[in-house]
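Please treat every number below as a calculation from the coordinates, not as lab data. These figures come from a predicted structure and were not determined experimentally. As a convention, Cβ positions derive from the backbone with ideal geometry for all residues, glycine included, and neighbour counts pool all protein chains shown.
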Amino acid sequence: MTNATENLRLPVFRLGGSGPNLLLLHGFGADRMTWIANQDALMQSYAVFSCDLPAHGDQPPGRTGMKISEIADELIDALARRNDRFVVVGHSLGGAIAIELAARRPDLVAGLGLIAPAGLGKEVDRDFLSELPELSQLDPALALLQRLVSRPRLITPPIAHRLLNHLERPGVRAALRALASELSHVETSIEPNVVSIAFSRIPRIVIWGEDDRINPIDRRKLSRFNAQVLTLPDTGHLPHVETSRAVSRYLCEFLKSAALELGG
């Protein structure tokens, strides 16, 4: 049973566990269920929270044209009301939001776990970004989603059907188009935040799939980010799904090693 933090525009749900707070942020077109294979392992040592970003999962689209910085505003409001610090783990779009949040409010962020974060790769695949909001049929949806992973069989028809049903909700396509437009140039817009964090004391780890075709790793950028970097062979854009045990283990090991700075 999960409980939403009350009276917030962007509800943050506590999944369970105890220990330092850890917030999970999903990627573009996904929802908080993307972490289902990771959350039990993380709850062994942490109080785990998650949310659906605007126009994703159960969350309504919000204002059309909403920017990453505005989503970060919503999360800052949610976390500040709890009067505590969080380790923020973000995938892709969620990684870009985590970077924005940490750069603007480092007092709220005890650590960063970034999984194929948008803005630190070479470039987010613009065809993928533009095609996803327009999907309406099963076969094209399957083909597009299978580009996310190194093993296409991981993406099944029910997964594609779930996305197609979600896209039919009022306002979702328009909101995702706006987010896709921002993600298409996120490398430039996020650069000041990346520089800020690179010179900060926030503990951070970056995990990337070596076969990521949606947001390929850029080792030059990562070398300037001053983070621990782990790459996973035979893994695409969804390491937390494709190699969930390894990702959960790496996150837990990293967080334990940073325990003094995390206040654990």
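Sparsely packed loop sites in the range 103-155 (the trypsin sites (Lys or Arg not before Pro) outside DSSP H, G, I, E and B with at most 15 other Cβ atoms within 10 Å) comprise K122.
Of all DSSP-defined beta bridges confined to the range 3-262, some 20% are antiparallel rather than parallel.
Residue order for H240, H185, fewest other beta carbons within 10 angstrom first, comes to H185, H240.
Seen from all directions on average, the range 1-153 presents a Cα convex hull projection of 9.8 nm².
Using just its DSSP H runs of length 4 or more, each adding -39500 (n - 2.57), the chain gives a mean residue ellipticity at 222 nm of -11500 deg cm²/dmol after division by all residues.
The value of relative contact order for the chain, using C-alpha pairs under 8 Å at least six residues apart, is 21 percent.
Computed on the range 36-85, the Cα convex hull volume stands at 99 Å³ per residue.
When every Cα-Cα distance of the range 3-262 is counted in 10 angstrom steps from zero, the calculated P(r) takes the values 7, 34, 40, 18, 1, 0 percent. Set the Cα radius of gyration of the range 154-235 against 2.2 N^0.38 Å, with N its number of residues, and you get 1.43.
Across q = 0.12, 0.16, 0.19 Å⁻¹, the range 133-192 modelled as identical point scatterers on its alpha-carbon atoms has Debye log10 I(q)/I(0) values of -0.37, -0.62, -0.79, in the order of the q list.
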